[in-house]
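What follows is one structure encoded as structure tokens, with my remarks underneath.
Each reported figure results from applying straightforward, stated rules to the coordinates on display, with no laboratory input. Nothing here was measured: the structure is a model prediction, and the numbers come from that model. Cβ placement follows ideal geometry from the backbone for every residue including glycine, while neighbour counts extend to all protein chains displayed.
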Amino acid sequence: MVRDTEPELGLFEDALGLRIQGSSENHGIEQERLNNVFGARLLITSLGAAAGPAVEFLDYLAPATGRPSPPDTQANDLWHWHVTMMTADIAALETRLRAAGARFVSPGIVEMPEDALGLGRALLALSPTGHAILAFQPQQGARLSRAAGR
């Protein structure tokens, strides 16, 4: 869920390279049942890359009773959730995230142990409204399946 679609779009489009694939405003009894929220009215925006799964923003237009994650949220909090993305150039991604105003949870790029599932380098950053993005660059020669992400 996002508090406001526009600030999220800047980071997800400019820094992460995703593109809007569709957008709609949904409401009614089916949406209320799907979300288990009475009076739910949402702006739903789907973003995707050239391949792999998409990211969907759920922007609750009503009711406006949702609470943001606490500002001191940590990666080991029970409510923590993140989008996982794979990149061929994590240094360039770090530069774009910093330019887009992302806040970093990790100190920057972190080198992963050689036996860490083929993950070479990784970072954990927060979008303008606090959504966590875990990005990794595979180790040289690592064979990851397409299902592992892009």
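Nearest 10 degrees is fine. How inclined is helix 90-99 to the longest principal axis of the chain, computing both from alpha carbons?
The two axes meet at around 40 degrees.
Label points 7 Å out from Cα along the Cβ direction at LEU61 and GLN21: separation in nm?
Taking the simple label geometry, LEU61 and GLN21 are separated by 2.3 nm.
Suppose R0 equals 35 Å. What FRET efficiency, 1/(1 + (r/R0)^6) with r the Cβ-Cβ distance, do ILE44 and ALA99 give to the nearest 0.05? Could you put the intermediate results ahead of the total?
On the way: r = 28 Å, r/R0 = 0.79.
The value I calculate is 0.80.
Each label point is 7 Å from the Cα along the Cα-to-Cβ direction; what then is the distance between the points at GLN31 and ASP14, in nm?
Output for this residue pair reads 2.9 nm.
Tell me, how many Å apart are the Cα centres for segment 118-134 and for segment 1-74?
Going from one Cα centre to the other spans 18 Å.
Evaluate the Debye formula for segment 5-62 with equal point scatterers sitting on the alpha carbons, no solvent, and hand back log10 of I(q)/I(0) at q = 0.17, 0.26, 0.30, 0.31 Å⁻¹, in q order, two decimals.
-0.59, -0.97, -1.14, -1.19
For the chain, give the magnitude of the charge dipole about the Cα centre (Cβ charges: +1 Lys/Arg, -1 Asp/Glu; no others), in debye to the nearest 20.
With Lys and Arg at +1 and Asp and Glu at -1, about 180 debye.
For the chain, divide the Cα radius of gyration by the Kirkwood radius and give the resulting Rg/Rh value with two decimals.
In the chain, Rg relative to Rh is 1.00.
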